[in-house]
2 protein chains.
Amino acid sequence: MKNRVLLLLLLFVTPFALAQAQEKVNDELNALIRKHGLELSQAGEIAGWMTDVYGPRLTGSPMLDKATDWAQKTLKEWGMKNVHLESWGPFGRGWELSHFEMHATAPSYFPIIAYPKAWSPSVKGSGEVVYLQAGNEEELAAYKGKLAGKFVLFDTIRVVTEGFEPNARRHDAESLLEMANAPEPTPRPRRNYNNLGNTNFNQILWQFLADEQPLAVLDRSYKGDLGTVFVSGARTAEGRAQQEGQKVVPQVTLSVEHYNQIFRNLQRGLPVTLSIELQSAYTNPDGMEHNIIAEIPGTDLKDEVVMFGAHFDSWHTATGATDNAAGSTVMMEAARILLETIKESGIKPRRTLRLALWTGEEQGLLGSRGYSKEHFADFPPNSFTPQSLKPAQKSVSAYYNLDNGTGKIRGVYLQGNAEVAPIFRAWLQPFKDLDAATLSMSNTGGTDHLTFDAVGIPGFQFIQEPMAYFARTHHSNMDNFDHLVVEDLAQAATIVASFVLHTALRDEMLPRKPFETEEAKKEAEKR
Amino acid sequence: MKNRVLLLLLLFVTPFALAQAQEKVNDELNALIRKHGLELSQAGEIAGWMTDVYGPRLTGSPMLDKATDWAQKTLKEWGMKNVHLESWGPFGRGWELSHFEMHATAPSYFPIIAYPKAWSPSVKGSGEVVYLQAGNEEELAAYKGKLAGKFVLFDTIRVVTEGFEPNARRHDAESLLEMANAPEPTPRPRRNYNNLGNTNFNQILWQFLADEQPLAVLDRSYKGDLGTVFVSGARTAEGRAQQEGQKVVPQVTLSVEHYNQIFRNLQRGLPVTLSIELQSAYTNPDGMEHNIIAEIPGTDLKDEVVMFGAHFDSWHTATGATDNAAGSTVMMEAARILLETIKESGIKPRRTLRLALWTGEEQGLLGSRGYSKEHFADFPPNSFTPQSLKPAQKSVSAYYNLDNGTGKIRGVYLQGNAEVAPIFRAWLQPFKDLDAATLSMSNTGGTDHLTFDAVGIPGFQFIQEPMAYFARTHHSNMDNFDHLVVEDLAQAATIVASFVLHTALRDEMLPRKPFETEEAKKEAEKR
C-alpha cells in the first residue's frame, strides 16, 4: 500500500518536480548573496564616490583616468584578481572643461543655465544673437560674413507644456505584461548622439559655421524643462569632434526657457546680447582608452568565463549617476557580494567570473567593441558584423549588462534567446519578493550587451524600473547622485550576483542563439 | 383654462425664477466680453512683454521702473483714463544684479546652478567650504575667526526623492468639492519670505556672520530639484535687507543637487573649494515705490469704485511669470476687454472701474497697504488693523485680485462673506462652460485682497487651477514665460472683466461683512 502511494506520488509529482528541478537553484548561496547585497549593501558608498568625487567620466578626460584608478584600487582592495586595464582605440583626444559661464546682457541681465557640448573649444566674448534660418545652400549664403563674433541660434522655439505627468514611474502590471508578451526583437539602429544627421546639407552647414567663426552655436535642450538640460557631444561637418585636429565650433545647449526667451526677444525685434566664457582643453595625446577588467578565478571550468559589466564612462554636464554610475555600481557591488559569498560559503565558482567596466559607450559602444575585436572576432573595416570568430568567443557563457538607470531589476530581456527562458525563470524564482519576475523576448537597444549579441555570445540587459531616466536624468545636467535610488541599486546587485554565480556553477554553458559570421554565411551560400 | 395653466406655471416657476433673477446677468455684455477675451485675446502678448522684456520686476529695481513705464504707456494707448503712479514708502533701497557666476573648483570642476538672494552685495573670490553647525552661542563661538574668506554651508543635506507625482495638476471634483464645503476661513499668519525666523539666536547668528565676513553664506533650495531653485531675499540680523545702510552678508541659494554634492564631499573629508563672482548695486536712493493706477470712468455712480488688480512686482531669479505677471496680465487684459466691450456695446459702467498694479507685495503686501493707508484707513504704527476709516473706504464696492499662478479661474473664495454668494453664483452661471463654478467660504492667504479685507472692503481672490505653481514656479528660477498657460490667462481675464462690469452696473454696492475698527471696538466696549 505504501509503495502504491509512493508510486502514485511519483507519477504525479515527478514531471512537475523534474521541470522545476531542471535548473538548479542554490538556496544557500542565494541567502548569503541576499545578506551581503541587501543587509550589508555598499551600493550607496560606491555610487557616492563614483559620482560626487569621480564624476563626470567623459571618455578621454583626465577625470575618467582618476575614476579608473579609484575603481582598480577599490577592486584590488576587495580581493578581485587580475585587475587590469585593456586598451582600445585610438579614440581621439580627451576634453576637459575648466570654466563655463554664460549670461544674457540685453534686453535684461540674467545668468543662463547652459552647457557646452563636449569637445567645444575655449571661447570668450560677448555679442549679438542671430537666428540662422537656412534649409538649403542658397538660404545659407545669405549669412555669409554675418556670423563672426555673433551667437548663432540654431533652433526654433520649443513649446513647453505643463508637467501633468510624473517625471518618474515604476512598472505596473500593464507595462510588465506588455514586455512579457512582446515578440522577437527587431533590430533597430542605434542613435548616434555625437554627430547627428550628417546629411549632405548638414555637412555644408557645419563647414559653413566652422568657416564663419561665430562665437558659439546655441541650441536648446531637445527635451526637459525647469532647469534640466540634455547635452552630449559637439557636431562637426565630417567625422567626430574627438578626432585629433578636428576643428570644432563652440556649441552650447541652453535650458529651453532661457533659449525661448532669447528667441522671442529676437522675434520682437529687440537687440539681444549675450556673453560667454568657456575654458576647455584637449587632453590625452595618444588617443588610447581603457576598459577595466577584474576577475574571480574559476576552478574546474576556469577557462570558461561568465562576464558581467556596465559602461563606466558618462557625458559631462553632471556626474553620470544614472548613466551609468548606476550600472557600474551594481556590477562592482555584485563583484563584492560574490567575493563575500564565496568567502563565507567556501563554494568556489566553477567558471571564471569577469567584471568589465567599459568606456567609450556614449560614443558608440566603443570600449566593449574594442574588447570584442581583441578577444572574440575579426570585423571588416567600419563594421560591427563579425567576419570570423576567435577561439575565446566559444568560452564566454554569458554577458550580463546594466545601463537603464537607477531602477531596480524587474526581469530580463532575453534578446531573442528562447532557450534561456526556463533557466532564467528558475533563477528569478527566489527573487519574486524583490519584484523581479518578468522575461521578455524583446530587447533594449543602445548598450554594451549588443556587442556580445553581435558576435553570438549570449548578452543580456536586465529589465529595469524606468524611474526618471528618460524624462530627466539620461544625458542631462541633473544626472547626479541625488537621483540614484540606492535601495534599487542594492536589489539589482543582489540579483546580478546570483545570476552570475548560477551561470558559473552550471554544468553547461548557457544555450546560444543560432549565429553565423559573414564568412560562414558566404560558405553556406556557396554550398 | 389657459389662465389656469398660466397661474399654475406662475405659482411654480416664479419663486425659482425670482431667486434666479434676483441678480442680473447681462448676456449681451458677456457675449462681447467673451469675444474680446477669448477670441481676440491679447493675454499672451501682454504677458510676453511683461516677462521676457520687463522681467524680473523686483521692488526697487530699475527693471521694475522700466516695466512700470511700459505698463502705463500700454494702458494709455488702450484708452484707459487717469493712468498714474501713486507713491508708497519709503520702501528702502533697490537692488540690481549685473553679474553672477559660481563654480565648484575642487575636488572637481562644475558650474553651479545658484542664485544670490536679493539685496546680496557684490563679492568676488574663491575659497574653501565650511559647514556651520551651530545651534547655540557656545557652538557658534567655535567658528570665531574661522569664516573669513570661506563659503559657509548653512543647511544639511536635503534628501531628494524621485518625482512619482506630477509637478502640475488641475483641480478635480474632489478638490473643488473640498473648497465648496470649506468652513469659514481662519486667520493665518503670512509667511515673511524676507527675513525668516528672527528668533533671538538667529539674530545672534546673522550678526556673527556679518562680523566674520565669509565670502558668502550658502543654502540649498528648500524645495524642488532637477534645476529648479527657490530663492527670495537675503536675511539679516535685524530689520530688512532693503533698508538703507543695512549690512548684508552675501547669500546664495544652490540647486539641491549641487549643494548636496558639496556637502557630501565635505563629509568625506575632501577639500572642497568654490569660486564666486557677484556684481550687484543698490539703487533708488529716495526709497519711494509706486503702484500703477488706471481707470475707466463711471457715469451716474462714478464716485463709487470697483477695483481690480494684482501685484506687478516679482522676485529676481526668473521673470516673475506665474508670480505675478500672470495676475497682472489678466488684470490688464480685463481692462482692455472692458474698454473694447464698452466701446462696442455703448453701455457705460455706472461705477468707476479702477485697475491697480501693486508693487512691494513680495515684501509684505507693501504697495497695496500703502494705498490703503493713503485712501481707506489710519493705522497705528507697525499694524495693519485700522484705527479709523477714511471716507473713501465706503466708496469701494469690491476689489478683485489674482495671484495664484497661471491656472484659470475655477471659482471665487468668498473670504467669509456669505451674502455675496448668491450674487457671485449668478455671475458665474454663464461661465460654467469655462469650468468656473465653485464658491468657497474659505480664503487664500498671502496676497493683496487681504489689504482690502483688513479695512472692511470686500476683497476677493479667485480660485485658480494649481498647475505647477507651488511645486515649481512660485519664487523659483523657472518662473518664466514658458510656464504660463496663455489660454488659462485668457479665460481668467474674461471672467474678471465680467465680474468687474457686473459689479459696476449693479444697483447696490456689494454687501459687506460686519466690520469694526479698533476705535469702534473701543467705543462699543465703553458703552
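Checking residue B:262 against (1) surrounded by 22 or more Cβ atoms within 10 Å (Cβ to Cβ); (2) part of a loop (DSSP other than H, G, I, E, B); (3) touching a strand residue (DSSP E or B) at 6+ places or on another chain (Cβ under 9 Å), only one condition comes out false. Which one?
Tallying (1) surrounded by 22 or more Cβ atoms within 10 Å (Cβ to Cβ); (2) part of a loop (DSSP other than H, G, I, E, B); (3) touching a strand residue (DSSP E or B) at 6+ places or on another chain (Cβ under 9 Å), residue B:262 fails exactly one: (2).
Just one of the numbered conditions (1) within 30 Å of residue B:473 (Cα to Cα); (2) surrounded by fewer than 19 Cβ atoms within 10 Å (Cβ to Cβ) is not true of residue B:415; which one?
Of the numbered conditions (1) within 30 Å of residue B:473 (Cα to Cα); (2) surrounded by fewer than 19 Cβ atoms within 10 Å (Cβ to Cβ), the odd one out for residue B:415 is (2).
Where the second residue is modelled with pLDDT of 95 or more and of a type in the set (Lys, Arg) and the first is assigned by TED's automatic domain parsing to the domain that holds residue A:336 and closer than 9 Å to residue A:34 by Cα and lies in region A:484-505, which pairs have Cβ atoms under 7 Å and are six or more apart or on separate chains?
Within 7 Å, the pairs are A:491/A:408; A:494/A:34.
Which one of these does residue B:335 not meet: (1) assigned to a strand (DSSP E or B); (2) touching a strand residue (DSSP E or B) at 6+ places or on another chain (Cβ under 7 Å); (3) more than 13 Å from every other protein chain (Cβ to nearest Cβ)?
(1)
Please find, among A:245, A:239, A:227, the residue that is small (Gly, Ala, Ser), over 30 Å from residue A:90 (Cα atoms) and outside any strand (DSSP E or B).
Within the list A:245, A:239, A:227, the selection yields A:227.
Here is a yes/no grid of residues against (1) under 20 Å from the mean Cα position of the chain (by Cα); (2) away from every other protein chain (no Cβ under 11 Å); (3) modelled with pLDDT under 95:
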position: A:14; (1), (2), (3): no, yes, yes
position: A:36; (1), (2), (3): no, yes, no
position: A:39; (1), (2), (3): no, yes, no
position: A:57; (1), (2), (3): yes, no, no
position: A:76; (1), (2), (3): no, yes, no
position: A:87; (1), (2), (3): yes, yes, no
position: A:100; (1), (2), (3): no, no, no
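Residue by residue through region B:103-153, note down the ones that are more than 19 Å from residue B:265 (Cα to Cα), within 32 Å of the chain's Cα centre (by Cα) and not in a strand (DSSP E or B).
B:117, B:119, B:120, B:121, B:122, listed by residue number.
Could you look through region B:260-271, keep only residues that are within 10 Å of chain A (Cβ to nearest Cβ) and of a type in the set (A, V, I, L, M), and pick out the one that is nearest to residue B:64 (Cα to Cα)?
For region B:260-271, the residue satisfying everything is B:262.
Residue B:497: buried (at least 19 other Cβ atoms within 10 Å of the Cβ) and closer than 23 Å to residue A:161 by Cα, yes or no?
No.
Just for region A:282-322: of the residues that are more than 14 Å from every other protein chain (Cβ to nearest Cβ), more than 27 Å from residue A:495 (Cβ to Cβ) and modelled with pLDDT of 95 or more, which one is surrounded by the most Cβ atoms within 10 Å (Cβ to Cβ)?
The extreme case among them is A:289.
Would you be able to tell me the number of residues in region B:364-417 that are in a loop (DSSP other than H, G, I, E, B) and in contact (Cβ under 8 Å) with a residue 24 or more places away in the chain?
19
I'd like to verify a number: residues in region A:247-269 that are aliphatic (A, V, I, L, M), closer than 15 Å to residue B:319 by Cα and touching a helix residue (DSSP H, G or I) at 6+ places or on another chain (Cβ under 8 Å), how many?
Of the residues in region A:247-269, 1 are aliphatic (A, V, I, L, M), closer than 15 Å to residue B:319 by Cα and touching a helix residue (DSSP H, G or I) at 6+ places or on another chain (Cβ under 8 Å).
Considering region B:337-364 alone, what residues qualify as being out of contact with any Gly (no Cβ under 9 Å at 6 or more places or on another chain), closer than 22 Å to residue B:327 by Cβ and of a type in the set (A, V, I, L, M, F, W, C)?
Passing the criteria: only B:338.
Return the residues of region B:233-259 that are within 24 Å of the chain's Cα centre (by Cα) and either at the interface with another protein chain (Cβ under 9 Å from one of its Cβ atoms) or surrounded by fewer than 24 Cβ atoms within 10 Å (Cβ to Cβ) (or both); say none if nothing qualifies.
B:239, B:240, B:243, B:255
Hey, any hits in region A:138-148 for a residue that's touching a residue at least 24 places away in the same chain (Cβ under 8 Å), out of contact with any strand residue (DSSP E or B) (no Cβ under 6 Å at 6 or more places or on another chain) and within 26 Å of residue B:227 (Cα to Cα)?
no
Looking at (1) over 26 Å from the mean Cα position of the chain (by Cα); (2) within 14 Å of chain A (Cβ to nearest Cβ), which is the one condition that is false for residue B:165?
The number of the failed condition is (1).
For region B:206-219, name all the residues that are within 21 Å of residue B:56 (Cβ to Cβ) and surrounded by 22 or more Cβ atoms within 10 Å (Cβ to Cβ).
Result: B:216, single match.
The values are calculated or read from the model by the stated rules, or taken from the named source; none is laboratory data. Every value quoted in this text rests on a predicted model; they were computed, and no experiment measured them. Every residue, glycine among them, receives a Cβ derived from its backbone with ideal geometry; neighbour counts consider all protein chains shown.
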